[in-house]
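The values are calculated or read from the model by the stated rules, or taken from the named source; none is laboratory data. Everything numeric in this text was worked out from a predicted model, so none of it was measured. Here the Cβ positions follow ideal geometry from the backbone for every residue, glycine too, while neighbour counts run over all protein chains shown. Please note that ligands, DNA and RNA were not included when accessible areas were found on the heavy atoms of the full protein model with its side chains. Shrake-Rupley method; radii C 1.70, N 1.55, O 1.52, S 1.80 Å.
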Amino acid sequence: QVQVMESGEGLVQPGGSLRLSCAASGIQFRLYAMKWYRQAPGTQRDLVAAIEPDGTTNYADSVMGRFAISRDNTKNMTYLQMHNLKPDDTAVYYCKSESRMASRWGRGTQVTVSS
């Protein structure tokens with residue numbers, strides 16, 4: 001059974017840092033792209049960062065230079081390290097595993113940036 005599960009929910013002050021983790025099971029992890037999306041209330045779900053099977057990364061302009069996505073194929077884990085967080089980063093963050101044949105969303109984890 002394919003499962004994708006996020007963790008790392010938190011309340012952070014502006015300028016702070018937080019790391020989100022995503023655990024995937026039931027897939028050949030090394031063959032999947034792993035992606036982080038976020039969705040704030042009343043908005044669409046947007047791509048934040050992605051990492052391909054070969055390690056290539058890409059980021060939304062709004063997080064470039066502040067967020068870093070990484071993966072550990074030995075542990076089937078993906079991470080999103082977030083620095084210099086802003087109130088506009090407040091959202092539910094979702095992890096997604098993706099290949100040409102299949103994809104799976106996690107349930108999301110809340111990130112709140114507030115003083």
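For residue 41, the criteria (1) without any contact (Cβ under 8 Å) to a residue 60 or more places away in the chain; (2) more than 17 Å from residue 114 (Cβ to Cβ); (3) not in a strand (DSSP E or B) hold in every case but one, which is (2). Tallying residues that are aliphatic (A, V, I, L, M), in contact with a strand residue (DSSP E or B) (Cβ under 6 Å, 6 or more places away or on another chain), more than 20 Å from residue 62 (Cβ to Cβ) and open to solvent by 30 Å² or more (accessible area, probe 1.4 Å) within region 22-50 yields 1.
The residue that is surrounded by the fewest Cβ atoms within 10 Å (Cβ to Cβ), among those in region 3-16 that are assigned to a loop (DSSP other than H, G, I, E, B) and within 14 Å of the chain's Cα centre (by Cα), is 9.
Each row is one residue, and each column tells you yes or no for (1) farther than 17 Å from residue 21 by Cβ; (2) among the small types (Gly, Ala, Ser).
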site	(1), (2)
32	no, no
36	no, no
42	yes, yes
48	no, no
52	yes, no
55	yes, yes
62	yes, yes
65	yes, yes
68	no, yes
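Residues in region 86-112 that are open to solvent by 10 Å² or more (accessible area, probe 1.4 Å), in contact (Cβ under 8 Å) with a residue 60 or more places away in the chain, farther than 19 Å from residue 25 by Cβ and in a strand (DSSP E or B): 110, 112.
Residue-wise test of (1) farther than 13 Å from residue 93 by Cα; (2) modelled with pLDDT under 95; (3) touching a Lys or Arg at 6+ places or on another chain (Cβ under 9 Å).
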site	(1), (2), (3)
16	yes, no, no
19	no, no, no
40	no, no, no
44	no, no, no
47	no, no, yes
54	yes, no, no
58	yes, no, no
66	yes, no, yes
73	yes, no, yes
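Remark: pairs (first residue in region 66-85, open to solvent by 30 Å² or more (accessible area, probe 1.4 Å); second residue among the β-branched types (Val, Ile, Thr) and at pLDDT below 95; Cβ separation under 9 Å; 6+ apart in sequence or on different chains) = 76/27. Scanning region 51-65 for residues that are surrounded by 14 or more Cβ atoms within 10 Å (Cβ to Cβ) and part of a loop (DSSP other than H, G, I, E, B) returns 52, 53, 60, 63.
Just to be sure before I move on: is residue 20 under 13 Å from the mean Cα position of the chain (by Cα) and in contact (Cβ under 8 Å) with a residue 40 or more places away in the chain in the structure I sent? When the stated conditions are applied, residue 20 passes them.
Out of all the residues in region 57-64, is one or more under 19 Å from residue 31 (Cα atoms) and free of Cβ contacts under 8 Å to residues at least 24 places away in the same chain? Yes, that holds for at least one residue.
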